[in-house]
Amino acid sequence: MALKYDVVIKTTGMGSGEQELIDNLMKGFIHVLSQKEHLPQHIVFYGEGVKLTTKGSESLEDLLELEKRGVRILSCGICLDYYDLDDYLKVGGTTTMSEVIDIMTNSDLVVEP
């Protein structure tokens, strides 16, 4: 039986290195994830990662596909407010720290790209 898992994304990039490279890696991660059969239950975005769920993000199409397929896309409300992006959220909904903790502690596996 496959594990139920969740993904947490805290930056716009994946790994370390030149910004263009790590941003492309994260874009690729989200795209490939959207093509998989075994999907996470949630993708939680916090910190700078919330920028990926807002207007202008190159990952919106893939995130909308994931949401359409039943993945709950959640962005930290405090983080959206900090970056003044509340009005620019384009996919999913906002979440609280309490909900983030509940998701992470009830997951069989938490994946952080």
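The values are calculated or read from the model by the stated rules, or taken from the named source; none is laboratory data. Keep in mind it's a predicted model, so treat the numbers as computed, not measured. Note: ideal-geometry Cβ built from the backbone for every residue, glycine included; neighbour counts use all protein chains shown. Surface areas here come from the heavy atoms of the whole protein model, side chains and all, with no ligands, DNA or RNA. Shrake-Rupley method; radii C 1.70, N 1.55, O 1.52, S 1.80 Å.
Annotations
- Flag for Glu112 being touching a residue at least 24 places away in the same chain (Cβ under 8 Å), out of contact with any Phe, Trp or Tyr (no Cβ under 7 Å at 6 or more places or on another chain) and within 17 Å of Val8 (Cβ to Cβ): yes
- The condition (being under 11 Å from the mean Cα position of the chain (by Cα), of a type in the set (A, V, I, L, M, F, W, C) and surrounded by 15 or more Cβ atoms within 10 Å (Cβ to Cβ)) is satisfied by just one residue among Ile103, Ile73: Ile73.
- Condition met for Asp86 (in contact with a helix residue (DSSP H, G or I) (Cβ under 9 Å, 6 or more places away or on another chain) and within 15 Å of Lys55 (Cα to Cα)): yes
- Residue under evaluation Glu67, criteria (1) touching a strand residue (DSSP E or B) at 6+ places or on another chain (Cβ under 7 Å); (2) of a type outside the set (Val, Ile, Thr); (3) over 21 Å from Leu25 (Cα atoms); (4) buried (at least 16 other Cβ atoms within 10 Å of the Cβ), criterion not met: (3)
Each row is one residue, and each column tells you yes or no for (1) among the charged types (D, E, K, R); (2) open to solvent by less than 60 Å² (accessible area, probe 1.4 Å).
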| site | (1), (2) |
| --- | --- |
| Asp6 | yes, yes |
| Gln19 | no, no |
| Asp23 | yes, yes |
| Phe29 | no, yes |
| Ser34 | no, yes |
| Leu39 | no, yes |
| Gly47 | no, yes |
| Lys55 | yes, no |
